[in-house]
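Working notes, beginning with the structure itself.
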Amino acid sequence: MKTYIWTAPTRIFHWLLAVGFTVAFILGDFDNLSNLHFAFGAFVGALLFFRILFGLFGPTYSTFKDFPIGLKSQREFINSFFSKGKIFAGHNPAASVIMLSIFFVGIICSMSGYLLYANENNVSNIGINEDALEELHEITANLFLILVVIHLLGILAETFFHKKTGTLQSIFTGYKNIESKNAKLNGFHKIFMVLWLIVPFYVSYLAYGLPVNTKEQENKIENNEYYDNDDD
């Protein structure tokens with residue numbers, strides 16, 4: 001028996017988020033590629049924003065009300081994980097906590113990245129120390145990576161102990177080998193999916209075009225001012 005669990009918007013988001021975060025994280029170490037880092041960071045932030053909205057009115061299994069995060073569900077999941085206990089059609093309790101954490105940390109990481117850019121390039125100043133913003137951005141980026149690793153380990157454990165469920169395959173196909181209610185997209189979900197695919201790419205394009213005052217440019221400006229003052 002197969003049940004359709006993960007609809008197209010959820011699966012596409014999953015893979016775009018994986019690619020977007022990976023590239024943004026790697027590019028963070030290259031100052032000469034800062035615009036690409038901005039672009040992928042903004043892409044991740046926009047993806048997460050739409051995913052949070054989708055969690056409010058999306059189809060079965062993708063909405064937050066279908067995330068079993070309560071302590072009772074956590075205990076039940078832990079006690080039955082290594083046996084043929086209760087099967088969770090959507091996210092299991094542990095995965096629910098990890099996914100919600102990824103959404104929360106990812107949004108903070110993306111927002112702190114923009115605020116850091118705004119401070120460094122004199123776009124705006126919200127009164128937060130630049131060093132504090134940079135530290136927050138780095139901490140949340142590393143925490144995001146840790147959560148992703150835990151998520152991957154969870155998928156491996158689920159595949160090993162509950163292989164017949166088909167959790168790993170469901171990330172690609174949307175189907176699990178369980179008996180439950182099929183997830184369905186209505187007309188509004190489909191329209192929302194189109195926006196979800198267009199807006200993050202557009203936001204990424206805008207972020208790529210942000211003007212950047214690099215350290216090299218700042219040094220040139222300071223040197224020019226020094227020589228101008230010296231001539232006077």
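Suppose we filter the stretch 136-157 for residues that are within 18 Å of residue 39 (Cα to Cα) and either open to solvent by less than 90 Å² (accessible area, probe 1.4 Å) or not in a helix (DSSP H, G or I) (or both); how many remain?
4
If we scan the stretch 99-116, do we find a residue that is open to solvent by 60 Å² or more (accessible area, probe 1.4 Å), modelled with pLDDT of 90 or more and within 14 Å of the chain's Cα centre (by Cα)?
There is at least one residue in the stretch 99-116 that is open to solvent by 60 Å² or more (accessible area, probe 1.4 Å), modelled with pLDDT of 90 or more and within 14 Å of the chain's Cα centre (by Cα).
Mind counting the residues in the stretch 170-196 that are part of a helix (DSSP H, G or I) and either surrounded by 16 or more Cβ atoms within 10 Å (Cβ to Cβ) or in contact with a Lys or Arg (Cβ under 7 Å, 6 or more places away or on another chain) (or both)?
Selection size over the stretch 170-196: 6.
Which members of the stretch 42-97 meet the condition of being charged (D, E, K, R) and under 23 Å from residue 189 (Cα atoms)?
51, 65, 66
What single numbered condition from (1) without any contact (Cβ under 8 Å) to a residue 60 or more places away in the chain; (2) surrounded by 13 or more Cβ atoms within 10 Å (Cβ to Cβ); (3) closer than 28 Å to residue 12 by Cα fails to hold for residue 133?
Among (1) without any contact (Cβ under 8 Å) to a residue 60 or more places away in the chain; (2) surrounded by 13 or more Cβ atoms within 10 Å (Cβ to Cβ); (3) closer than 28 Å to residue 12 by Cα, residue 133 violates only (3).
Of the residues 78, 69, 87, which single one is open to solvent by 10 Å² or more (accessible area, probe 1.4 Å), out of contact with any helix residue (DSSP H, G or I) (no Cβ under 6 Å at 6 or more places or on another chain), not in a helix (DSSP H, G or I) and not acidic (Asp, Glu)?
That would be 87, the only listed residue that is open to solvent by 10 Å² or more (accessible area, probe 1.4 Å), out of contact with any helix residue (DSSP H, G or I) (no Cβ under 6 Å at 6 or more places or on another chain), not in a helix (DSSP H, G or I) and not acidic (Asp, Glu).
Filter the stretch 46-66 down to the residues that are farther than 18 Å from residue 107 by Cβ and buried (at least 18 other Cβ atoms within 10 Å of the Cβ) and list them by number.
Selection gives 59, 61.
So in the stretch 2-36, with the set limited to residues that are assigned to a loop (DSSP other than H, G, I, E, B) and in contact with a helix residue (DSSP H, G or I) (Cβ under 7 Å, 6 or more places away or on another chain), which one is least open to solvent (accessible area, probe 1.4 Å)?
5
Being surrounded by fewer than 21 Cβ atoms within 10 Å (Cβ to Cβ) and of a type in the set (A, V, I, L, M), is that true of even one residue in the stretch 37-45?
The answer is no; no qualifying residue exists.
The values are calculated or read from the model by the stated rules, or taken from the named source; none is laboratory data. Here the structure is a predicted model, which means the values were calculated and not measured. A quick note on method: Cβ atoms are made from the backbone with ideal geometry, for glycine too, and the neighbour counts reach across all protein chains shown. Please note that ligands, DNA and RNA were not included when accessible areas were found on the heavy atoms of the full protein model with its side chains. Shrake-Rupley method; radii C 1.70, N 1.55, O 1.52, S 1.80 Å.
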